[in-house]
Amino acid sequence: MNEGMLALLSAYGPLVAMVIAFYFFLYRPQRAEQRRRDDMLATLHKGNRVVTVGGLFGEILEIKNNVIDLKIADKVVVKVTRSAVSRNVTQGKSPQMEPEKEWHDEDEKRDA
């Protein structure tokens, strides 16, 4: 290698390395997460239990285009956009995704 090529490599080498690191550590994982979320939103259907980005747990009663009728309590139905759904609780039956048991009832029992 001649001196000009070495100087060019030493000047632009760190920049190229940073771009490659940015791609593998930030861009690629974000794209994979976005694909997973898009797939989850596309597969929502009536009867799914979901959590909204606002933290509301509910059951999907109906989906019309991008509007979801979400039952959050007896006789309480709210309309949310499809993109407001954070995760589908019925898909992944892990303990972390299950709503907590009636925590306020447990607090009342402790206080009594």
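Bear in mind these aren't lab numbers, they're just calculated from the coordinates by the rules spelled out. All figures in this text were calculated on a predicted structure; none of them were measured in a lab. Neighbour counts run over all protein chains shown; Cβ positions are idealised from the backbone, glycine included.
In whole Hz, with x marking every Gly and Pro, tabulate ³J(HN,Hα) for region 16-27 from phi via Karplus 6.51 cos²θ - 1.76 cosθ + 1.60, θ = phi - 60°.
Whole-Hz 3J(HN,Hα) from phi for region 16-27: 5, 4, 5, 5, 5, 5, 4, 4, 6, 9, 10, 5.
Starting with the fewest neighbours, write out S83, S10 ranked by other beta-carbon atoms found within 10 Å of each beta-carbon. Mind dumping the intermediate values first?
Numbers: S83 12, S10 9.
Least crowded to most crowded, the residues run S10, S83.
Please arrange F22, F57 by how many other C-beta atoms lie within 10 Å of their C-beta, fewest to most.
Ranking F22, F57 by Cβ neighbours within 10 Å, fewest first, gives F22, F57.
So if each residue of separation counts as 0.36 nm, and I subtract the Cα-Cα distance between I20 and V76, what length gain in nm does that give?
Values: separation 56, 0.36 × 56 = 20.16 nm, distance 5.00 nm.
Additional length available on full extension: 15.2 nm.
How big is region 1-42 along each principal axis, measuring the range of its Cα positions in Å and listing the largest first?
Principal-axis extents of region 1-42 (Cα, largest first): 56, 11, 8 Å.
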